[in-house]
Amino acid sequence: MSCVKGWIVSMLRTSQISGGQLAALLLVSRLSVAMTYSATRHQLSNGLDFVLSIVLQSVLLLLLFLPLWWFSRRTGGAGMLDYGYLLFGRGGAVSAVIYALICLYVQGVELIRFRYFVATALSPDMPVVILCIVLVLAAYSAALYGIESLGRAAAIAAVLIAAVIAFIAFALMPEMDAAYFPPFLYDGFSPVIAGTLEETPRTVEIAVLGLLLPYCQKKAGRGVVWWCVLLAVVMTVIQLTVVGVLGDFGGMVMFSYYTAITAAQTSIVQRLDILAVTIWIAALFLKLALFGLLFMDCLKRLFRRNRRHSETNKKRIYFVVGAALALLPAILFGGTAMQEERVLIWSISSVAIGAAAVLVPLILLFADYCRRRNEARKEHAE
């Protein structure tokens, strides 16, 4: 048992990232959603309360991380995909399929949001489909360079994106109105709970965190903690910016954060929207590359016994299949208004997080416990 586990871990250690790079990857991926942040009237009418919701969201993310952390410690850092095959044989393909579908879902939603944002907020005359194709091909090409390259790029991008968000908040301070901020906990604690439950499913990165942990054998837990802390800080800045500039009006428009940037007139720098769009596309690029890499990892596990093709040809096949499937939703549903599908997206994301971050690790832990107990009984009987 220990020999097999050691083989799994050694196989996954061909590429490694630090805890800081793990935090950067997760943060940049999440901020690609934040840059097209669309606040609801509930979030804006309870502006300061929603800041507390953001903090509680980070706490909830840490709680959701506990099954993954427990699994990683219990199995010595083995990956869930490979350990699933070890415990269930071919039945381990079920977990690979679940994670592959989640990766495709996230990429599809992001590209639909990208197409809709470009067509409505930037310019309806832009060749959005071509932009999507170029973006996906570039992202999947970057994914082929491996997790280490993405980790280094994310570390740089995280600093730049956080600095730009802070600069935008500072530049918009003259446009903010204190009257837009209602008293803290004016309607009690229920809006805080509602805001936490509404915001957490947007952080789908927790659903695939189990696929990233084998690549970060040192200080992964610390990296996740830093991710949650930094996410709370950055999202608080974005929330206060939207509330301070737009007030309740922000709940009536799509992409309220972008609207706040474009609506404000500042003497510090002109066209803050160009700066915001630039960092958003950079974050989206890295997110697509990350989820593309994880999707191709799932395909490797699903077709690991296929020896008809060389490893190079397999990579090409995974590249084409992943890019095509990621683009398909954007091409078919690119005109969908994300605001109208908010409940559907929230529901699917909630199920994905519950299944991938909680259910799958707990099932594997229980199966591992049963296997260890049976082995102990056999040794005792002998």
On the basis of being of a type in the set (Lys, Arg), surrounded by fewer than 22 Cβ atoms within 10 Å (Cβ to Cβ) and either in contact (Cβ under 8 Å) with a residue 12 or more places away in the chain or not in a helix (DSSP H, G or I) (or both), does Arg115 make the cut? no
If you go through Ala119, Ala142, Ala78, the only one that is among the small types (Gly, Ala, Ser) and within 30 Å of Leu365 (Cα to Cα) is Ala78
Per the filter on the range 172-200, residues more than 28 Å from the chain's Cα centre (by Cα), aromatic (Phe, Trp, Tyr) and not in a helix (DSSP H, G or I) are Phe181, Phe184, Tyr186
* To do: Kindly indicate whether Phe285 is closer than 26 Å to Ile98 by Cβ and either in contact with a Phe, Trp or Tyr (Cβ under 6 Å, 6 or more places away or on another chain) or at pLDDT below 80 (or both).
  => no
In the set Thr236, Thr203, the lone residue that is of a type in the set (Ser, Thr, Tyr) and under 17 Å from the mean Cα position of the chain (by Cα) is Thr203
Filter the range 66-83 for residues that are of a type in the set (A, V, I, L, M, F, W, C) and either without any contact (Cβ under 8 Å) to a residue 12 or more places away in the chain or surrounded by fewer than 22 Cβ atoms within 10 Å (Cβ to Cβ) (or both); the one that is farthest from Lys300 (Cα to Cα) is Leu66
Asp187: passes all of (1) surrounded by fewer than 17 Cβ atoms within 10 Å (Cβ to Cβ); (2) at pLDDT 85 or above; (3) not small (Gly, Ala, Ser) but (2)
Quick count over the range 85-111, residues being in contact with a Gly (Cβ under 6 Å, 6 or more places away or on another chain) and surrounded by fewer than 23 Cβ atoms within 10 Å (Cβ to Cβ), is 2
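The values are calculated or read from the model by the stated rules, or taken from the named source; none is laboratory data. If you're wondering where the values come from, they're calculated on a predicted model, not measured in any experiment. A quick note on method: Cβ atoms are made from the backbone with ideal geometry, for glycine too, and the neighbour counts reach across all protein chains shown.
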